[in-house]
Amino acid sequence: MDTSSLTPQELAQALQTAVTNTAACLPDFTHAFKYSHSENNWYAPSENVEWTTGFWTGELWLAWEYTKDERIKEAALQQVQSFLYRIKEKIDVEHHDMGFLYSLSCVAAYKLVGSQAGKEAALLAADNLLARFQEKGQFFQAWGPLGAPNNYRLIIDCLLNLPLLFWASRETGESKYARKAVEHSRTAMSCVLRDDNSTYHTYYFDPKTGEPLRGVTAQGYRDGSAWARGQAWGIYGTALVYRYTKDPQYKELFVRVTDFFLAHLPDDWLPYWDFDFSTGSTESRDSSASAIAVCGMLEMADHLEPAEAEYYRQAAKRLLGVLYRTCAVKDPSLSNGQLLHGTYAKSSPYNTCKDRGVDECSLWGDYFYMEALLRRHTSWNPYW
């Protein structure tokens, strides 16, 4: 297995293939969105629902940044209107994933082309997320009716929703958004990070007292295992919180979660869906976890001392090389996605998941793969 970094020629080819694949999808996915994951490597159209549609619009913005193709920009702006309608009408927004939905679609539109509709939608989404903050426990409740004991918990994924709030504070001058983002991040990392530097997926709190209760998995193999994508959310999440706060504790947290991820990779450097599995296992991989981790390492490397920064940059480059050579869609007759061999959810004897998107493309995997390529290509200004 070749685990070397991409050559300049490979990087150029990878980017060109990715943006060509994106543009080829415009006839089917301008007025519709891609579903959260592929089936037999092909995405079906979806309405603007669930937590993943922003990743497709984010792909469009990445492709537009690289190509300046006006067709791609116009498609992305049409989708921004859909996101504005969605948040105004409160369509499937009773959860914490406002950042995944609105940072990559609407904040991006505002940053890149000055879209006022994008700004309006993103600020409404920030308000929507702010309403999910639980004072008892100091966290954003991920799912379900607010205050319900069986849903009184945070999940590690939410670290990627916090940049929406930091951005909202900068745009409005109101500190409440950033303040709650900081409070949530402190609560989350004090609970989900174990002594061995692995992470819990979700963590419950007592709704009466706010006391932390227990870590439980939703999509990992078992409560005490390290779900690969959750660990990757920890990598990128700590890097993004550091970007906005410059609090040195997030550098330390980044090193801890990242070193665990790297130390538990199999020999071929393509992670299984849970770190309970390693070299020789027949379990499914999750390429999306690797793509997320690459983006997090490249983000934090800009804020580290030179030797440490180079260590994580080189690790990220190796991971990206593996993704390109083993998972990237190079033949559009085989898939309308970007990154094969992802896992949305995998059932186990110890979780409550049903198999979903196993050994398939995932919309977030596609997005983070493209973001990673653009980060390698240029000094990229994040939508986060």
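The values are calculated or read from the model by the stated rules, or taken from the named source; none is laboratory data. Since this is a predicted model, take the numbers as computed values, not measurements. Cβ coordinates were reconstructed from backbone atoms using ideal geometry, including for glycine residues, and neighbour counts include every protein chain displayed.
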For this session: Answer yes or no: is there a residue in the stretch 101-110 that is modelled with pLDDT of 95 or more and over 19 Å from Thr53 (Cβ atoms).
Result: no
Seminar exercise, completed: Okay, strands (runs of 3 or more DSSP E) sitting entirely in the stretch 146-216 with 3 or more residues that are without any contact (Cβ under 8 Å) to a residue 40 or more places away in the chain, I get 212-216
Exercise. Looking at the stretch 106-139, which of its residues are of a type in the set (A, V, I, L, M), more than 16 Å from Glu74 (Cβ to Cβ) and in a helix (DSSP H, G or I)?
Worked result: Val107, Ala121, Ala122, Leu123, Leu124, Ala125, Ala126, Leu129, Leu130
For this session: Tell me, yes or no, whether the stretch 237-257 has at least one residue that is in contact with a strand residue (DSSP E or B) (Cβ under 9 Å, 6 or more places away or on another chain) and either among the charged types (D, E, K, R) or over 16 Å from Ser185 (Cα atoms) (or both).
Result: yes
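This table checks each residue for (1) part of a loop (DSSP other than H, G, I, E, B); (2) closer than 26 Å to Glu65 by Cα; (3) in contact (Cβ under 8 Å) with a residue 24 or more places away in the chain; (4) touching a strand residue (DSSP E or B) at 6+ places or on another chain (Cβ under 7 Å).
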residue	(1), (2), (3), (4)
Gly337	yes, yes, yes, no
Thr343	no, no, yes, yes
Gly357	no, no, yes, yes
Gly365	no, yes, yes, yes
Tyr369	no, yes, yes, yes
Leu373	no, yes, yes, no
Arg376	no, yes, yes, no
For this session: Quickly run through the stretch 73-105 and pick out the residues that are assigned to a helix (DSSP H, G or I), closer than 21 Å to Leu146 by Cβ, free of Cβ contacts under 8 Å to residues at least 60 places away in the same chain and hydrophobic (A, V, I, L, M, F, W, C).
Result: Ile87, Leu101
Exercise. Where residues in the stretch 69-80 are buried (at least 16 other Cβ atoms within 10 Å of the Cβ) and not hydrophobic (A, V, I, L, M, F, W, C), which of them is farthest from the chain's Cα centre (by Cα)?
Worked result: Asp69
Problem set entry | Subset of the stretch 227-261 [hydrophobic (A, V, I, L, M, F, W, C) and surrounded by fewer than 20 Cβ atoms within 10 Å (Cβ to Cβ)] | Val255
For this session: Considering each residue of the stretch 15-46, count those that are over 20 Å from the mean Cα position of the chain (by Cα) and under 28 Å from Lys88 (Cα atoms), and give that number.
Result: 10
For this session: Scan Ser290, Ser333 and give me the residue that is among the hydroxyl-bearing types (Ser, Thr, Tyr) and in a helix (DSSP H, G or I).
Result: Ser290
For this session: Name, by its number, the condition in (1) within 15 Å of Gly210 (Cα to Cα); (2) hydrophobic (A, V, I, L, M, F, W, C); (3) within 18 Å of the chain's Cα centre (by Cα) that does not hold for Phe133.
Result: (3)
Exercise. Among Lys176, Lys119, which is basic (Lys, Arg), surrounded by fewer than 21 Cβ atoms within 10 Å (Cβ to Cβ) and out of contact with any helix residue (DSSP H, G or I) (no Cβ under 6 Å at 6 or more places or on another chain)?
Worked result: Lys176
Problem set entry | In the stretch 1-27, the residues that are within 25 Å of Asp268 (Cα to Cα), aliphatic (A, V, I, L, M) and touching a Phe, Trp or Tyr at 6+ places or on another chain (Cβ under 9 Å) | Met1, Leu6, Leu11, Ala14, Leu15, Ala18
Exercise. Being outside any loop (DSSP other than H, G, I, E, B), surrounded by fewer than 22 Cβ atoms within 10 Å (Cβ to Cβ) and among the hydroxyl-bearing types (Ser, Thr, Tyr), is that true of even one residue in the stretch 25-47?
Worked result: yes
Problem set entry | Top-ranked residue in the stretch 276-296 [being free of Cβ contacts under 8 Å to residues at least 24 places away in the same chain and of a type in the set (Val, Ile, Thr); ranked as surrounded by the most Cβ atoms within 10 Å (Cβ to Cβ)] | Thr279
Exercise. Quick check: is even one residue across the stretch 333-351 more than 23 Å from Asp274 (Cβ to Cβ), among the charged types (D, E, K, R) and surrounded by fewer than 24 Cβ atoms within 10 Å (Cβ to Cβ)?
Worked result: no
